[in-house]
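One structure below.
Every number in this text was worked out from the coordinates using simple rules, so none of it is lab data. Nothing here was measured: the structure is a model prediction, and the numbers come from that model. Please note: Cβ atoms are built from the backbone with ideal geometry, for glycine as well, and neighbour counts cover all protein chains shown.
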Amino acid sequence: MGILPEAAKAYIGRQSEEEVACDLVEAGQVRRYAQAIQDEDPMFGAPCAANQRFGGPVAPPLYPTHMFRRPLGAADPIQDRATDPDFDGLAATTGQTLPEIEPLRKFALLNGGSEIEFFRYARHGETVVMRSRYTDIYERETSKGPIIFVIIEGEYRTAAGEVLCRTRRTILRR
Amino acid sequence: MALGPRRDFEDVQPGEQLPRLIKGPFTSPHLMRWSAAMENWHKIHYDKPFAIEHDKLPGLLVNGSLKQQYVVQLLKDWAGTAGWVWKVNFQFRAMNLLGETLAVWGKVAELRRATHYGLVDIELGIVNDKGIESTPGKATVALPYRGGPAVPYPFVPPAA
């Protein structure tokens with residue numbers, strides 16, 4: 001008998017609305033991000049020869065995928081679930097409107113990997129928009145027991161519609 | 001780190017190893033700094049009792065979302081000022097724990113010629129200080145031809 005609740009499969013094909021990141025690509029946040037990933041490339045800071053080709057200072061390649069934070073006034077899962085012993089602290093970070101898969105709520109979550117296609121960097125001052133959807137949810141027997149695979153595809157664009165990157169993420173639930 | 005110098009397609013040979021990128025040893029401030037930068041409060045990266053007792057993990061985990069940054073950094077720096085990292089994929093097959101030092105590696109697998117630039121297929125991964133591979137993957141980097149212009153930016157994939 002498998003562990004994948006039948007009701008979870010109904011989420012396949014569901015997609016987010018087109019979301020607008022609540023903050024612009026902002027120099028201070030780019031600095032903190034670059035320091036956290038230990039890639040203090042000058043092209044992430046001030047205008048320089050290295051970022052001339054890209055039209056000025058840019059954010060690290062994967063930065064757009066981490067821009068979709070909780071805007072002011074939105075529900076606060078950290079407070080709302082403060083007394084829930086099963087709450088793992090994980091709030092939506094790759095989109096606020098892709099619905100949580102309720103039948104998997106009590107399953108632990110791990111990052112299984114990604115496929116990413118890059119087209120352009122996000123420049124300082126730009127707005128980033130994204131859309132994501134569940135493209136597959138299935139169970140597979142592994143050496144560690146049964147694991148549920150959740151596949152999420154996303155596309156990140158500038159407000160003007162230029163594609164920054166496309167992602168295909170694998171989330172593991174067990 | 002920073003973009004390396006211009007690297008032309010003709011400079012690359014199959015089997016060539018990319019310079020390894022070393023990160024760590026990882027401490028809790030490394031992981032907290034990353035959690036704060038991306039505003040991801042998943043407890044398995046900073047709440048040891050939760051990680052072990054609730055999620056049955058061996059300890060605090062180095063974020064997959066952080067390891068993927070290192071893979072992209074290795075490729076970006078290697079591609080140089082006129083190249084472009086087009087595609088990358090990787091699987092997180094093993095956990096990496098606090099205290100480990102990680103080496104990100106890459107090896108040129110195949111060279112392909114497209115109309116306006118060359119394509120370099122790369123095998124890659126991340127090994128810890130015990131030599132255990134955690135993040136096998138592949139990438140494709142576009143490099144300019146010698147004497148030619150930089151790879152188009154924004155990147156335009158080759159015709160299928």
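In degrees from 0 to 90, rounded to the nearest 10, what is the angle of the helix B:28-38 Cα long axis to the longest principal axis of chain B?
With both axes taken from Cα atoms, the answer is about 60 degrees.
Any idea how far apart B:Ala2 and B:Tyr153 come out in nm if each label point goes 7 Å out from Cα toward Cβ?
Label at B:Ala2, label at B:Tyr153, 1.4 nm between them.
Describe numerically, in nm with one decimal, the distance between label points set 7 Å from Cα along Cα→Cβ at A:Glu153 and at B:Leu97.
Spacing of the two 7 Å Cα→Cβ label points: 3.9 nm.
Looking only at A:Arg53, A:Arg14, A:Arg31, which one moves most when chain A is put into a Gaussian network model with springs between Cα atoms under 10 Å?
Among A:Arg53, A:Arg14, A:Arg31, the largest GNM mean-square fluctuation belongs to A:Arg53.
Give the calculated FRET efficiency between B:Ile132 and A:Ala46 to the nearest 0.05, with a Förster radius of 51 Å applied to their Cβ-Cβ distance.
The calculated FRET efficiency here is 0.80.
At 7 Å along the Cα-to-beta-carbon direction for both B:Glu123 and A:Arg168, put a label point, then send me their distance in nm to one decimal.
2.1
Compute a Gaussian network model of chain B, connecting alpha carbons closer than 10 Å, and tell me which residue from B:Leu57, B:Leu124, B:Leu18 fluctuates the most.
Evaluated over chain B, the most mobile residue of the options is B:Leu57.
With a 10 Å cut-off between alpha carbons and a GNM built on chain B, which of B:Phe50, B:Phe92, B:Phe26 moves the most?
B:Phe50
R0 = 56 Å: FRET efficiency of A:Arg105 with B:Thr115, Cβ-based, nearest 0.05?
In this case the efficiency is close to 0.65.
Out of region B:63-160, which trypsin sites (Lys or Arg not before Pro) are coil in DSSP terms and have no more than 11 other C-beta atoms within 10 Å?
Of the trypsin sites (Lys or Arg not before Pro), the ones in loops of region B:63-160 whose Cβ has at most 11 other Cβ atoms within 10 Å are B:Lys130, B:Arg146.
Would you calculate a helix-derived [θ] at 222 nm for the protein assembly as shown, using -39,500 (n - 2.57) for each DSSP H run of n ≥ 4 and dividing by the full residue count, to the nearest 500?
The per-residue figure over the protein assembly as shown is -4000 deg cm²/dmol.
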